[in-house]
Structures are given as structure tokens and as C-alpha cells.
Amino acid sequence: MKQERLINRPFIALGFSAFLFFASFNMIIPMLPDFLTSLGGGEYKGLIISLFTITAGLSRPFSGKLADKIGRLPVMIFGATVCFVAGLAYPFVTGIIAFFALRLLHGFSTGFTPTGNAAYVADIVPIHRRGEAMGIIGVAISIGTASGNAIGGYIGSAFPIDYVFYASAITAILSVIILSGMNETLADKVQFNFGLLKLKRHEIIEKRVLVPAIYMALSVFSFGLVLTIMPDYSAHLGISNKGLFFAVFVLASLGVRIFAGKISDKVGRVKVLKVSSFLLAVAMVLIAFSYSLLTLIGAGIIFGLAVGMNSPTVFAWAIDLAEDHKRGKALATLYIFLEIGIGMGAFISGWVYSNDVEFFPRTFYTGAGVALAGFIYLNIATRIKKMK
């Protein structure tokens, strides 16, 4: 199904579907800390993201195997449908246990849809333009993430929080509708059967992509931190829209995603990743020193540039290393480590922060330290493996 043209009808449809999917589950994030607090669980804010990532990570081996067996589209549709169901269920949650149970369920959405999405992209784009393609899809994802956070923050500040959940559900079902009208790219697919859910040890992790996967975990730690801490930090600085920082950094990442992806196609993935990991550390320090809306926006722009450079490049690197018939498994491996990194960032930052505003600086310094560890690991591991 590969064509020399990068932009075609399936690519556009996939990008629009990805936009809606990421807008759906990001829409509720700015409001979840307050929602959990209203349920009496304010001290457990670090679990909001980390529990979500647990099921996302655990489901990756299954989504990778299924994407390589039954097709990319069923995997994406299942994940988006989970988002729809979860959005409808949140308004009925009245206790902490039920809330965290739903967060675990909701995690299946990102455990499935992004895996199928990345594999679908790799199926339809020219090999020599993978970085650029991942950058463009990343733009769609970034716009969805930014608009989801901003819209969710606005709806949550102007209307009862249930409206945010319903808007999330509607957005998710629109993504499902688009996916249902697309053509499958996996040629030798099989019918689903429950035997496919039995995993052997060698089916969980694709060793060929371990180096980019470990780097991925270190690089997204700061993202999990930001997801967990930024709503409270925004309120601490007197910023009413708790989704504003998310919108700023995601919008800042838009243009650089395509540029970084194209550059990595020419000069190599690792060179671009070294720059992005260094910028991540700088951004964390700048956030810690922020004292107003203006300074936080400046730090958010640096953070967005780093994320925009990192994401399409590391995905293209993993696709480069993967065998064609194990592409879903390789991308699932990358996503497993992504969930580990985000989950650890959320959990550790919540523990360091401890719901005490005096601990904001050291929380962001922790993120800076892990970003620098990613930079160091990248240098050491790639020298050992002699990768480009």
C-alpha cells in the first residue's frame, strides 16, 4: 500500500481520526485533579495518570500482536471505543475506588489506538520519508492534545464537569466513525480468536528496538510529571485555565515536529534526539523558576520544542529497526516503555510534590535530572550498539 506521495486520502483520514482520539482523552485531564479532590482523594493525584498508564502498558503486547494478526484498524477502533465508553461513565462515578477502576479501564484506549495508528502510518508512507510522516501525524496528535486540553479547561470552568466527560465521549465516537470508513493495510490478516490473546514470552518485547524504547521511557518522564503537577502549579501561579500550559507547549511543538522529522531522515535520528533531551532538561529547570503566566509560557515553548523534536524522531527510529512482519510488536514495545516513563513520571512527581506547594521546585528538578539521564544514556547506548 506504500505510495511515493506522502499526503493521500488514507493519510489524511488517519490524521483526522488521530486528532479526534487524542482530543477525546486529553479533554478531561485538566479537570481530573479537582474531580478526584471532590471525591475525597486529593492526596492521590499522582495515581490519575500512573494508573491510566498501567493498563495502557499492559495492553501494548496484545495490541501489537493483534495489529500484526487481525489488522491495524480493529485495534484502533477498539481503543477509540473504550474512550467513548469511559467518557460516558465518568459522570456516574461517586467514589475513589470507582474512579481509579475507571482510570484503569480508560487506559486500554491508549494501549490500543496509538499502536495501530503508528503501524498504519508505516504501512502507507515511503521508507525514506518516515520521519517526516511521523512528524505530520504528530502535528495532528498535537493539535488534538492542545485543543482537547484547552476545550476541556474552558468547558470545565464554564459548565458542570459532566459536560467535559460527555464532550470527550462525542469526540471519541467521531474518531470511530472515521476509522470505520478506512481500508485495512495488513495484507495477510486472520480472524480474531481468543487464542491470539495468549502471549508467549518472546511476543512481549521486540529486542531490536530496546535502545530507543529505554530512551523513550527516560524522555517522557517529564511529560508524566507535567500531566500530574501542572494543573496545581497553574493554580499556584494564579492561572485560571488549567489547560493553558498544555495548549502552549503542544502548539509550540507543531512546526518543529515536521522539521525535526525531515532532518532526522537526513542526518540521523540520534543527533536530533540528543538536542531534544537536552532541551527537556532546560525546560524543566525553567518551569521551576517560573513565577508568572509569561514566564511559564516561555518555559512551555521550550518544553514544546523538545517534545516536538523527540516524538516523531524516536518513533521513526524504532520503525527503522523493526522487521516488517513485526512492526506492530516493535511499536507496541516502544509504547510499553512510553507508558512506563509517563507512569513513573506521574507517580514519582506526585510523591515528591506531596500536595505541598513548597515542593514544586524540587519536583521539576527531578524531571530535569531524568531528562539529563536520557541524554547520557543515549550517548552511551548508541556508542555501544554503533547505531545512527
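The values are calculated or read from the model by the stated rules, or taken from the named source; none is laboratory data. Since we're looking at a predicted model, the values are computed, not measured. Methodologically, a virtual Cβ is constructed for each residue, glycine included, from the backbone with ideal geometry; neighbour enumeration extends over all protein chains shown. Just the protein is used for accessible areas: all its heavy atoms, side chains included, with ligands, DNA and RNA removed. Shrake-Rupley method; radii C 1.70, N 1.55, O 1.52, S 1.80 Å.
For this structure, a couple of remarks:
- When peptides 358-364, 282-288, 314-320, 110-116 are sorted by average Cβ neighbour count within 10 Å, with the highest value leading, the order is 110-116, 314-320, 282-288, 358-364.
- Computed extension length for His202-Tyr154: 12.7 nm, one decimal, from 0.36 nm per residue of separation with the Cα-Cα distance subtracted.
- Mean separation of Cα contacts under 8 Å (6+ apart) over length of segment 115-258, as relative contact order %: 52
- Counting only DSSP H runs of at least 4 residues, each contributing -39500 (n - 2.57), and dividing by the residue count of the chain, the helix-based mean residue ellipticity at 222 nm comes to -27000 deg cm²/dmol.
- Probe 1.4 Å, accessible area per residue of segment 81-150, Å²: 28
- For the residue pairs Lys45/Lys274; Lys198/Lys326; Lys207/Lys271, the alpha carbons lie more than 26 Å apart in Lys45/Lys274.
- Distance from the alpha carbon centroid of segment 1-72 to that of segment 193-224 works out to 16 angstrom.
- Treating r as the C-beta distance of Phe194 and Ile127 and R0 as 35 Å, the FRET efficiency rounds to 0.50.
- Summary value for segment 242-366: 30 percent relative contact order, contacts being C-alpha pairs under 8 angstrom separated by 6+ residues.
- The chain: relative contact order in percent, alpha carbon pairs under 8 Å with at least 6 residues between: 28
- Among the GluC sites (Glu not before Pro) found in segment 154-216, those both in a DSSP coil and sparsely packed, with 15 or fewer other Cβ atoms within 10 Å of their Cβ, are Glu184.
- Protein heavy-atom accessible surface, 1.4 Å probe, per residue over segment 199-313: 39 Å².
- Full-extension gain in nm, Tyr166 to Leu104, via 0.36 nm per residue minus C-alpha separation: 20.4 nm
- The peptide list 272-281, 371-380, put in order of mean Cβ contacts within 10 Å with the highest first, becomes 272-281, 371-380.
- Accessible surface of His325 - all protein chains present, 1.4 Å probe, nearest 10 Å²: 130
- Sorted largest first, the spans of the alpha carbon positions of the chain along the three principal axes are 53, 46, 38 Å.
- Placing a pseudo-label 7 Å from each Cα along the Cα-to-Cβ vector at Lys271 and Asp356 gives an inter-label distance of 4.7 nm.
- Taking the accessible area of the chain, probe 1.4 Å, and keeping the other protein chains in place, the carbon and sulfur fraction comes to 68%.
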